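The values are calculated or read from the model by the stated rules, or taken from the named source; none is laboratory data. As the structure is a computational prediction, the values presented were derived from the model and not from experiment. Positions of Cβ are generated from backbone atoms using ideal geometry, with glycine treated the same way; all protein chains shown enter the neighbour counts. Accessible surface is based on the protein model in full, side chains and every heavy atom, while ligands, DNA and RNA are left aside. Shrake-Rupley method; radii C 1.70, N 1.55, O 1.52, S 1.80 Å.
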Amino acid sequence: FFILGNPVTLVSYEQARQDLDVVLQEALNGPPLEYLYSNTDQEYRDCTPEKRASCPDHAKELDYFAVEQELINYEFFDEKRYAYLRGENGQQVVIFDNEDEFCFEVFDHQAYLNETAKEIMSDISDLAELDITDNDPLEDFIMARAGGLEYCFQRIDYSEVESCRDILGDNDDEMDTIDELEDSEYENDSDLHKSGGFPRSSILPTRSIRKNKQDVFIIPKFGLTVLGNSHGFDAKGSTTGFVVWINGKGVMVDPPPHSSTVLLEHGIQPKSITAIILTHCHADHDAGTFQKMIRDDKVDLMTSATVFESFTRKYSAVSGLSRSFIQKLVNFRPMFLEEPNYWNGAQFRFFYSLHSIPCVGFEVTYDGKSLVYSGDTFYDRGPLLELKEKGVLSEARAQSLINFPWQCDVVLHEAGVPPIHTPVKAFLELDEEDRRNIRLIHVGGVEAERARKEGFAIAQPGVENSIILRPASEKNGNMMRLLQIISSMEIFEHFSIAKALELVLMAVPKRYKPDYIIRAEKDPIDKFCIITSGTAYARADLYERPLYGGDYFGELVFLPDESLVANIGELVIADTEVETIELDKYALKNLMLEDNTLQEKMLRILNSRIDGSWQAIQANSILCQLGVAQKTYLQSMAVSKTLKKGEIVAMDVLDEAGTIVNREWKYGSPVSFAVLVGEGQLIFDEVHGYGEDMSPEEEEVERLQTGMLLYDYFKYNREGSQSDDPSIDELLGDSGNKWTVTTTLRACTDDTVVFLIDAARFEKFIHRIPHLLLGIFKSPVVLF
């Protein structure tokens, strides 16, 4: 449409039209008028009257850029999954949605009408393979699976189309599409997958995915790493996105898809990115944002109220999830326009650019240095003044756009095709001083070549091309970095600042070269070590685990019986250059004085090292994707219990009055805990039936086995007033027992081992990890 000016024919199902209309509305013409919050207290709070006067009139600006021509012509599949299209020459094309083979089959109907089809028909001996029915809308039209027929001219495999299913992970092999699992160097030697039947793609690798062990990126005090510098119409380039590094943490701006993989290759863990800035809701800017939200830990999302609400409406339509649920996947931090906003010690000033839909840019200042990003915008002094004369822009608005902060140390400015982007010629009109710090971005193909010929620098993607405004400082920044690491670790999350500082001051820093054996299996375990940078991996008899910044090893030093430590060996090898801080057992005992919470956490973690919970987590296709620290924390919450055959699963929990009560997973009981199956088998009475003489061979329904996770998210979130999510109301309907479980869960083998997690603690845990929350949301009872 945007290249040739012709409408696009979209083939879909009629019930999807409403959602498609929402997506197109938000992406093409912006939010409806009632959702534009410019010049309101939701976006402009305490800025000066002069700044307030420069705010956009979104209604006028969006109307000026509005796409008036019909963009989409809809064609719908009928009830038999056929759609019929006719070209300009009268040729009819038929598309069949072949759900059985997970593909679309596209046919030239005209080929059937000529004699060639009949000749081919006479050559086919095995008609049994043909998909022909009396009521087929194509009559005896031969389907593609009959084999190599010329008039079946295209077959589109679902797996080749990156869709919302790929992003959300609805299919079993979805992890195979991620770059980090395609590297031929990946290995996973877990015996579990050799015998247990779990798909290899569902287990994250335990070894480094970095291409060069010596290539370790040191996060600067203030800097910039470009991940992509092109736009959505460039087939060869990656969409524009970058990371702004501030005080050892990163805020990712409009993340390109699979951006975390680029960072992982250089030893930068996704948890180093703790915030996202979303500038606007065009697909080349927000698709990677949604993916980043659901792939990694919960992060802050920084943007204006207008952009955020547009994003949730759009991706609610894309994903089928409610807006309120999508809002749970991030911590939304509204950015107020034209006034100071702060993140991790830096000052941000957000402003609205001039674009076809609401779009923000920003200026960030830290430690005497500054960086500005234009966002997608139209900048050209002459035409901007013309828009002022036409009444599209106010005087103050026009001047605010013209007076761009070119004086910043780094100026990232987009360059593209007007009228919604900035032409390269507009930069030629700037003074030499204003042009000095410009690095063009959101530019590709012919425009990029033109810009280079005019002498403009293009922002280069890649960690190796990072722009360092303030390098990492050992003298001033190390203490802050260590405190950030400690505060991000679940086992220390309850620490006060004073307690965390005490830990750091007692710790001894160490540095190890790649492939160095940090701890041999027979070495005495007398230190507790925290990885502060780099990657390593640990291996013991019962597990193998990668170790990244914020992960730890040596927790066995907490065992009260030192004789037990001698029987447990753990090999730890540096994969890259590794930095650690180490505490001896006496420092740990000092920390644990009068700290019952830390004692309880550590004792649970110690027990989990030998109770089989790690293997159960690894056997679960969703839990195995958690990071090492997340898995360890999940283990620390779990209580191991061994059941006899026929025993109902139960757990001691706190009731509303704070009294410890024994709650069973029994029909009619409230949802009180989650269950992870360790060893043995479980059954639901209502599904499997229950009888003393029942044998596995007699059952038609598979029993619940190692790695299966049982938790009813929907029922728990209807207890009391814990959730106001309308999607849960819709799913549960008005059933009278919607707050209680509808099954009875019991062991059907002796010595069945389960790991039980209190529901309140489990809820807090899953809401920190969006992809886990999504998995449980989509499969409310059993994950495997």
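Given a cut-off of 27 Å, name the pairs among 51/271; 527/601; 314/390; 51/298; 221/298; 589/644 whose C-alpha atoms lie farther apart than that in the structure shown. Walk me through the numbers on the way to the answer.
Numbers: 51/271 36 Å; 527/601 18 Å; 314/390 31 Å; 51/298 33 Å; 221/298 23 Å; 589/644 38 Å.
Pairs exceeding 27 Å: 51/271; 314/390; 51/298; 589/644.
Per q in 0.21, 0.28 1/Å, what log10 I(q)/I(0) does a Debye calculation on the alpha-carbon atoms of the stretch 10-56 return?
Calculated log10 I(q)/I(0) at the listed q: -0.77, -1.00.
Report Rg(Cα)/(2.2 N^0.38 Å) for the stretch 621-672, keeping two decimals. Show your work: numbers first, answer last.
Working: Rg = 14.3 Å, N = 52, 2.2 N^0.38 = 9.9 Å.
Relative to the 2.2 N^0.38 Å estimate, the stretch 621-672 comes out at 1.45.
How far, in nm, would the chain grow between residue 767 and residue 9 when pulled straight, counting 0.36 nm per residue and subtracting the alpha carbon separation? Don't jump to the answer; show the numbers that get you there.
On the way: separation 758, 0.36 × 758 = 272.88 nm, distance 3.97 nm.
Here the segment from residue 767 to residue 9 would lengthen by 268.9 nm.
Please report the net charge: other residues with Cβ closer than 9 Å to the Cβ of residue 270, K and R +1, D and E -1. Don't skip to the end; give the middle numbers.
Values: positive: 271, 292, 295; negative: 296, 297.
Value of the local net charge: +1.
Give me the distance in nm between label points sitting 7 Å out from Cα along the Cα-to-Cβ direction at residue 487 and residue 586, one decimal.
So the label points at residue 487 and residue 586 sit 3.1 nm apart.
Using just the alpha carbons, could you tell me how many Å³ per residue the convex hull of the stretch 344-449 encloses? Intermediate values should be presented prior to the final figure.
Details: hull volume 12.0 nm³, N = 106.
It comes to 113 Å³ per residue, whole-number rounded.
Counting DSSP beta bridges with both partners in the stretch 288-397, what percentage is antiparallel, nearest 5? Could you put the intermediate results ahead of the total?
Details: 15 of 20 bridges.
Percent antiparallel among DSSP bridges in the stretch 288-397 is about 75.
Among residues other than residue 389 whose Cβ falls under 14 Å from its Cβ, what is the net charge (Lys/Arg +1, Asp/Glu -1)?
Details: positive: 60, 381, 388, 390, 397; negative: 386, 395.
So the surrounding residues net to +3.
How far apart, in nm, are two points set 7 Å out from the Cα along the Cα-to-Cβ line at residue 20 and at residue 436?
Taking the simple label geometry, residue 20 and residue 436 are separated by 5.3 nm.
How big is the stretch 575-698 on each of its three principal axes, counting only the C-alpha atoms and giving the largest first in Å?
Per principal axis, max minus min of the Cα coordinates gives 56, 43, 22 Å.
Tell me, what is the FRET efficiency for residue 333 and residue 86 to the nearest 0.05, using R0 = 51 angstrom and their Cβ-Cβ distance as r? Don't jump to the answer; show the numbers that get you there.
Values: r = 51 Å, r/R0 = 0.99.
After rounding to 0.05, the efficiency reads 0.50.
Report the normalised scattering of the stretch 377-425 as log10 I(q)/I(0) at q = 0.16, 0.23, 0.25 Å⁻¹, calculated by the Debye formula with identical scatterers on the alpha carbons.
Results for the stretch 377-425 at q = 0.16, 0.23, 0.25 Å⁻¹ read -0.47, -0.88, -0.99.
Relative to the compact globular guide of 2.2 N^0.38 Å, what is the alpha carbon radius of gyration of the stretch 306-354, as a ratio?
1.40
At 0.692 mPa s and 37 °C, plugging the Kirkwood radius over alpha-carbon pairs of the stretch 257-393 into Stokes-Einstein gives what diffusion coefficient in µm²/s?
It diffuses with D of about 200 µm²/s by this estimate.
Given the peptides 377-389, 12-24, 231-243, arrange them by the average over their residues of other C-beta atoms within 10 Å, most packed first.
Values: 377-389: 16.8, 12-24: 13.8, 231-243: 20.5.
So the peptides 377-389, 12-24, 231-243, ranked by packing, come out 231-243, 377-389, 12-24.
Provide 711, 74 ordered by accessible surface of protein heavy atoms (probe 1.4 Å), highest first.
Details: 711 5, 74 35 Å².
Greatest to least solvent exposure: 74, 711.
How much length is gained on full extension from residue 417 to residue 394, taking 0.36 nm per residue of separation minus their Cα-Cα distance?
On the way: separation 23, 0.36 × 23 = 8.28 nm, distance 2.39 nm.
Result: 5.9 nm gained on full extension.
Over the stretch 592-678, what relative contact order in percent results from Cα pairs under 8 Å that are six or more residues apart?
Numbers: 65 pairs, mean separation 21.6, N = 87.
So the answer I get is 25 percent.
Protein chains only, probe 1.4 Å: how do 453, 666 rank by accessible area, largest first?
453, 666
Taking R0 as 30 Å, what's the FRET efficiency between residue 452 and residue 34 from their Cβ-Cβ distance, rounded to 0.05? Mind dumping the intermediate values first?
Numbers: r = 44 Å, r/R0 = 1.48.
Once the sixth-power term is evaluated, E becomes 0.10.
Could you work out the pair-distance distribution P(r) of the stretch 465-547 from its alpha-carbon pairs, with 10 angstrom bin width and percents rounded to whole numbers?
12, 38, 35, 13, 2
Rank-order 261-273, 481-493 by packing density, defined as the average count of other C-beta atoms within 10 Å over each peptide's residues, highest first.
On the way: 261-273: 20.7, 481-493: 18.5.
Highest mean packing first, the order is 261-273, 481-493.
How far apart, in nm, are the 7 Å Cα→Cβ label points at residue 657 and residue 496?
Label-label distance for residue 657 and residue 496, simple model: 3.4 nm.
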